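The values are calculated or read from the model by the stated rules, or taken from the named source; none is laboratory data. All values derive from a computational prediction rather than experimental measurement. A quick note on method: Cβ atoms are made from the backbone with ideal geometry, for glycine too, and the neighbour counts reach across all protein chains shown.
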Amino acid sequence: MSHSQNSSLSSKAAPFSFDWLYAFWKFSRPHTIIGTSLSVLGLFLIAIAVGGDAMNPGDAMNPGGDAMNHADAMNRVSTSYLLPLLGAWVSCLCGNVYIVGLNQLEDVEIDKINKPHLPLASGEFSRKTGQLIVAFTGILGLIVAWLTGPFLFGMVAISLAIGTAYSLPPIRLKQFPIWAALCIFSVRGTIVNLGLYLHYSWAFHQSQAIVPAVWALTLFILVFTFAIAIFKDIPDMEGDQLYNISTFTIQLGAQAVFNLALWVITVCYLSIILVAVLGVASLNPIFVVVTHLGLLVWMWLRSWKVDLEDKTAIAQFYQFIWKLFFIEYLIFPIACLLA
């Protein structure tokens, strides 16, 4: 065996060692994992907030009509709540890893330029390891969703299908700016939010009608994710140009896309404030106004310090936008609970 082959093998972490697990964490794209986890939790809290006392422990009665032991009643209700949440979390995380992993498998050469720290691009994972992870998580995600509920299964299946079309030839929708953006914000903005809410409503025996608060969050995330979708290509301009991946950044320029993303997010914040103030959805208006105006001011102050010639600064601001995305899945459910 040649020296170069020995070096290549030694660079790969042993399966399930600390180095392997850290490489897997990078492979799963942590910011998307956090976003997925918060969306699962956020819609869970919203379903509880709008469901009122639909799952009151006092309703857990035996057939004879006598009240059950209080501890048994609480255990049944806790199970009724936690199993749909756990099933949604596991299946969505698996689907998340499948989608981002498949994208990395198809973009190894591009990632060597744009994202050399990723495991496939750096050589920490072999291509076979990446394929096994993607296949395993995709299948597991579908199985868990199928066992948990029909709406969850439909949501995960549709998301995986779109994620596959996004990355895999011959369709490979990521080659086309509009279709690429549509894939990203349709999954995170519409399919995930509505699918999760319907899943929880079905599991909690609530009405299947989508309430105004969920529509408001869905529209907010839909537009906000469009900003993420166009912004993510700014730091990847070099590799995308080399491999003929057309993006809005290449077509319009980094400054134009940067400004467009900022104004799209601004419209998101002002719109959700208007929804709360006008009482269109059941939200606490004071909480919504204070939190969203604060985040809006913070974003613009951060944006003025970004040097678009500095790839690191652009990447850091992109991660900051993801943090704003994370925060929304925390403050919006709180606004519902406070209403």
Which members of the range 174-185 meet the condition of being crowded, with 20+ Cβ neighbours inside 10 Å and over 18 Å from Val264 (Cα atoms)? Lys174
Would you be able to tell me the number of residues in the range 209-218 that are surrounded by fewer than 21 Cβ atoms within 10 Å (Cβ to Cβ) and under 15 Å from the mean Cα position of the chain (by Cα)? 1
Is it fair to say Ile178 is within 22 Å of Ser28 (Cβ to Cβ) and touching a helix residue (DSSP H, G or I) at 6+ places or on another chain (Cβ under 9 Å)? no
Residues located in the range 193-241, provided they are in a loop (DSSP other than H, G, I, E, B) and either out of contact with any helix residue (DSSP H, G or I) (no Cβ under 7 Å at 6 or more places or on another chain) or at pLDDT 95 or above (or both): His205, Ala209
In this structure, does Phe151 turn out to be in the same structural domain as Gln104 (by TED's automatic domain parsing), within 15 Å of Asn96 (Cα to Cα), touching a Leu at 6+ places or on another chain (Cβ under 6 Å) and in a helix (DSSP H, G or I)? no
What single numbered condition from (1) within 24 Å of Ala49 (Cβ to Cβ); (2) part of a helix (DSSP H, G or I) fails to hold for Ala281? (2)
Residue check, Ala181 against (1) among the aliphatic types (A, V, I, L, M); (2) over 17 Å from the mean Cα position of the chain (by Cα); (3) at pLDDT below 95, all met but one. Which one? (2)
For the range 290-309, indicate whether the set of residues that are at pLDDT below 85 and charged (D, E, K, R) is non-empty. yes
